[in-house]
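A quick write-up on the structure given underneath.
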Amino acid sequence: MTARQHTEERNTTRKYIFVVGGVMSSVGKGIATASIGKILQARGYKVSLVKCDMYVNIDAGTIRPTEHGEVFVGEDGIEADQDLGNYERFTDQTSTALHYLTTGQVYAEVIKRERNLEYGGEDVEVVPDIPNEIIRRIKLAGETDQSDFVVIEIGGTVGEYQNVLFLEAGRMMKARHKNDVLFVLVSYLPIPGKVGEMKTKPTQYAARTLNATGIQADFILCRSEHMIDEKRREKLALFCNIEPEDAIAAPDVDSIYDVPVNFARDGLDLRILQKFGLEPKADNLGQWSALAEKIKTLTDTVSIGVVGKYFNTGDFTLADSYISVLESIKHAAWEAGVKPKISWLDAEAYEKDPSKLSELSGYDGIIVPGGFGSRGVEGKILAVEYVRKNNIPYLGLCYGLQMAVIEYARNVCGLADANTTEVNKDTPHPVIDVMVDQKANIAEKKMGGTMRLGAYPCELKDGTISREAYGKKNISERHRHRYEVNNEYRAQLEEAGLVIAGRNPDRDLVEIIELPQSKHPFFVGVQFHPEFLSRPLAPHPLFMAFIKAATKTK
């Protein structure tokens, strides 16, 4: 049996829901996909969430954050689109390479199979062979997870040629399994300021453009500044071939965690089950709904400054560059009973004018998140020095740990010009150096997908802030880096008072550094990315400890 026949002949009783976008980008497909997964989960069903990206990139690891938001790292080391982070936060399920598809992956696999003679001598064509490979991967995710539903988000907007093959895969699945596939169109209904009326025409055109690909939307999620009214529902029903109750309200909200509650209130979960001929098995959205309500009632605040460099995109600020960090701050703050006020602080501004560092005193806590390259590095180091000397709670993530080590080496250990070899390969004191197994990758320019990626164990030192926060000695966290604390400087750093609070037991790598609480209220740096494991109903222990310290020093 050829690869093509194998894909076409496979059958299933699993249900599939494709989520596509209309009118404009950033319409909220990722949150919609995560929310659909959540409400079906709350009804007692097991879900898999899959993202299809139209990029020819094999993964998101080579895309800069200001282009399409943060790179989310899965447990197995997959570097994926930020939407996988929303999937994990909403469903509390672990994403892997099975849950992330790109055009590059799909073409690479088809070409590999053709070279291996797996098509039985047939000519390999863009259609149906590329859509068949997409279908194979979508089905594989559901089979591996043994899920009842697979919810597939197709990146981009209906009408773009880049995602047409993913749409074709959805059309082919519907043709083969007509009772097992639904389509959700997430579309925007503008309210022009000078008109003052919600307009459905752009969404009508989006629905017709989707029809042109051979797909009929079963639901339209109506994104807008305000709730859709009955008149607009009826108009969409008439012109887009849906029932009025299948035009689901999706108004702007203050918190994305309201979205599943709103969808359930509008009956989306029950309508989906009804169309598939299924009954609800449970009603477990109560705890989530309670959190959504709690968020609205908080009045006390905690102010957190994030010192980074991936904020600006033209004349606008891109919060998505650090979305997991921002959500982790929120999770911990809400659990602590306070409302977070988060500010973007440009590291480069401190390099140009160090007098601006005094603004850091206006914050209850400072975070330096992950990053790469030399831009803004000296500004981050100056910020770390300021918060260390002024007893402002500090949490350094990945690059934030490395900046803290460099600052401590320079200003406490007296190692002038200490640096990371990523920035200065000729530094006399390489307190941060490239990992041994990464040198060959850099020399041979094997950059994509070759960093230290995914989950690795860490052993915590008794009596430390981190050990107390986690409540256990052995943990596992996700990584994404090529450079590490140089063990040749460990003894010198420790003698000067820096605490090595966590280490990788397999390779004796530094994973966590701290200052004792007798010297500083909270000063912690981690080589990993704890933000990837934070959940709305289960905040990450280190973010909780950081927020508690920030509220105490307020």
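The values are calculated or read from the model by the stated rules, or taken from the named source; none is laboratory data. All values reported here derive from a predicted model rather than from experimental measurement. Note: ideal-geometry Cβ built from the backbone for every residue, glycine included; neighbour counts use all protein chains shown.
Taken over region 428-486, residues that are among the small types (Gly, Ala, Ser), touching a Ser or Thr at 6+ places or on another chain (Cβ under 7 Å) and either crowded, with 17+ Cβ neighbours inside 10 Å or more than 18 Å from residue 371 (Cα to Cα) (or both) amount to 1. Just one of the listed residues (455, 538, 550) is at pLDDT 95 or above, under 18 Å from residue 398 (Cβ atoms) and of a type in the set (A, V, I, L, M), and it is 455. In summary, residue 77 fulfils each of the numbered conditions (1) assigned to a helix (DSSP H, G or I); (2) surrounded by 20 or more Cβ atoms within 10 Å (Cβ to Cβ) with the single exception of condition (1).
Against the definition (assigned by TED's automatic domain parsing to the domain that holds residue 203, on the phi < 0 side of the Ramachandran plot and assigned to a loop (DSSP other than H, G, I, E, B)), how does residue 109 come out, yes or no?
In short, no.
The selection criterion, being modelled with pLDDT under 95, touching an Asp or Glu at 6+ places or on another chain (Cβ under 8 Å) and either closer than 16 Å to residue 529 by Cβ or among the small types (Gly, Ala, Ser) (or both), does not hold for residue 370. Within region 38-69, being more than 23 Å from residue 106 (Cβ to Cβ) and modelled with pLDDT of 95 or more holds for 38, 39, 40, 41, 42, 43, 44, 45, 46. Within the set 475, 513, the sole residue that is more than 17 Å from residue 395 (Cα to Cα), in contact with a strand residue (DSSP E or B) (Cβ under 8 Å, 6 or more places away or on another chain) and of a type in the set (Val, Ile, Thr) turns out to be 475.
For region 189-205, a tally of residues being under 23 Å from residue 30 (Cβ atoms) and crowded, with 20+ Cβ neighbours inside 10 Å returns 2.
Considering only residues that are among the hydrophobic types (A, V, I, L, M, F, W, C) and surrounded by fewer than 24 Cβ atoms within 10 Å (Cβ to Cβ), which ones fall in region 382-399? Passing the criteria: 382, 398. Determine if region 156-165 includes at least one residue that is at pLDDT 95 or above, assigned to a loop (DSSP other than H, G, I, E, B) and not β-branched (Val, Ile, Thr). No, that holds for no residue.
Out of all the residues in region 111-131, which are touching a residue at least 24 places away in the same chain (Cβ under 8 Å) and either exposed (fewer than 14 other Cβ atoms within 10 Å of the Cβ) or over 20 Å from residue 156 (Cα atoms) (or both)?
Within region 111-131, 113, 118, 119, 120, 122, 126, 127, 128, 129 meet the criteria.
For region 152-188: of the residues being within 21 Å of residue 278 (Cα to Cα) and among the hydrophobic types (A, V, I, L, M, F, W, C), which is surrounded by the most Cβ atoms within 10 Å (Cβ to Cβ)?
Applying the first criterion (within 21 Å of residue 278 (Cα to Cα)) to region 152-188 yields 152, 173-184.
So of that shortlist, the ones also among the hydrophobic types (A, V, I, L, M, F, W, C) come out as 152, 173, 175, 181-184.
Working: 152: 29, 173: 21, 175: 10, 181: 22, 182: 22, 183: 22, 184: 26.
Looking at residues that are within 21 Å of residue 278 (Cα to Cα) and among the hydrophobic types (A, V, I, L, M, F, W, C), I get 152.
Just wondering, is there one or more residues in region 148-155 that are over 27 Å from residue 24 (Cα atoms) and either assigned to a loop (DSSP other than H, G, I, E, B) or at pLDDT below 95 (or both)? Yes - at least one qualifying residue is present in region 148-155.
Is it fair to say residue 509 is under 30 Å from residue 428 (Cα atoms) and either without any contact (Cβ under 8 Å) to a residue 40 or more places away in the chain or surrounded by fewer than 20 Cβ atoms within 10 Å (Cβ to Cβ) (or both)?
Numbers: under 30 Å from residue 428 (Cα atoms): yes; either without any contact (Cβ under 8 Å) to a residue 40 or more places away in the chain or surrounded by fewer than 20 Cβ atoms within 10 Å (Cβ to Cβ) (or both): yes.
Yes, satisfied.
Filtered by the rule that a residue be buried (at least 18 other Cβ atoms within 10 Å of the Cβ) and either basic (Lys, Arg) or within 27 Å of residue 478 (Cα to Cα) (or both), region 345-363 gives 345, 347.
Within region 252-299, restricting attention to residues that are over 25 Å from residue 191 (Cα atoms) and of a type in the set (Val, Ile, Thr), the residue that is surrounded by the most Cβ atoms within 10 Å (Cβ to Cβ) is 272. Of the residues making up region 251-282, those that are out of contact with any helix residue (DSSP H, G or I) (no Cβ under 9 Å at 6 or more places or on another chain) and assigned to a loop (DSSP other than H, G, I, E, B) are 252, 276, 277, 281.
Being under 28 Å from the mean Cα position of the chain (by Cα) and modelled with pLDDT of 95 or more is a description that does not apply to residue 278.
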